[in-house]
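Chemist: Sending over a structure as structure tokens; questions will come in a sec.
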Amino acid sequence: MLENLEHMRENFKELEKKLADPEVLSDTDKFKKVSREYNQLKPIVEKYNEIRAAEDMIEENTELLKEAEDKEMIDLLKAEIDENKKI
């Protein structure tokens, strides 16, 4: 499944490039087709990026938690981990 999401993400990037391509912009049919595909993938890719960012933050905060000694810092890191797990 992650492989499929990564493939969608790469396809989304390619569609972004095509939308900036003068050849696509000048061809109404191509532009409509690329725009449609782009708009279909956009919410999926945005959510996938959000999930990846949350996973990265969880990983980073977990590492920081191992070294934290200050109670306030520990509480803050735990809270951030919990918030990111909700995503």
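The values are calculated or read from the model by the stated rules, or taken from the named source; none is laboratory data. This is a predicted model, so every value here is computed, not measured. Please note: Cβ atoms are built from the backbone with ideal geometry, for glycine as well, and neighbour counts cover all protein chains shown. Surface areas here come from the heavy atoms of the whole protein model, side chains and all, with no ligands, DNA or RNA. Shrake-Rupley method; radii C 1.70, N 1.55, O 1.52, S 1.80 Å.
Chemist: Go through region 18-39 and report how many residues are open to solvent by 90 Å² or more (accessible area, probe 1.4 Å), aliphatic (A, V, I, L, M) and under 19 Å from Met8 (Cα atoms).
Modeler: So the answer is 0.
Chemist: Checking Ile87 against (1) assigned to a helix (DSSP H, G or I); (2) surrounded by 11 or more Cβ atoms within 10 Å (Cβ to Cβ), which single condition isn't satisfied?
Modeler: Status for Ile87: all satisfied but (1).
Chemist: Quick check on region 58-69. Is at least one of its residues over 21 Å from the mean Cα position of the chain (by Cα) and among the small types (Gly, Ala, Ser)?
Modeler: First, pick out the residues of region 58-69 that are over 21 Å from the mean Cα position of the chain (by Cα): 63-69.
The next check asks that each one be among the small types (Gly, Ala, Ser); those that pass are 68.
Yes, region 58-69 contains a residue that is over 21 Å from the mean Cα position of the chain (by Cα) and among the small types (Gly, Ala, Ser).
Chemist: Name every residue in region 1-17 that is open to solvent by less than 70 Å² (accessible area, probe 1.4 Å) and touching a residue at least 12 places away in the same chain (Cβ under 8 Å), in order of residue number. Give the steps one after another, and end with the answer.
Modeler: Quick first cut of region 1-17, residues open to solvent by less than 70 Å² (accessible area, probe 1.4 Å) only: 5-6, 8-9, 11-12, 15.
Once the filter is applied, which keeps residues that are open to solvent by less than 70 Å² (accessible area, probe 1.4 Å) and touching a residue at least 12 places away in the same chain (Cβ under 8 Å), region 1-17 yields Leu5, Met8, Arg9, Asn11, Phe12, Leu15.
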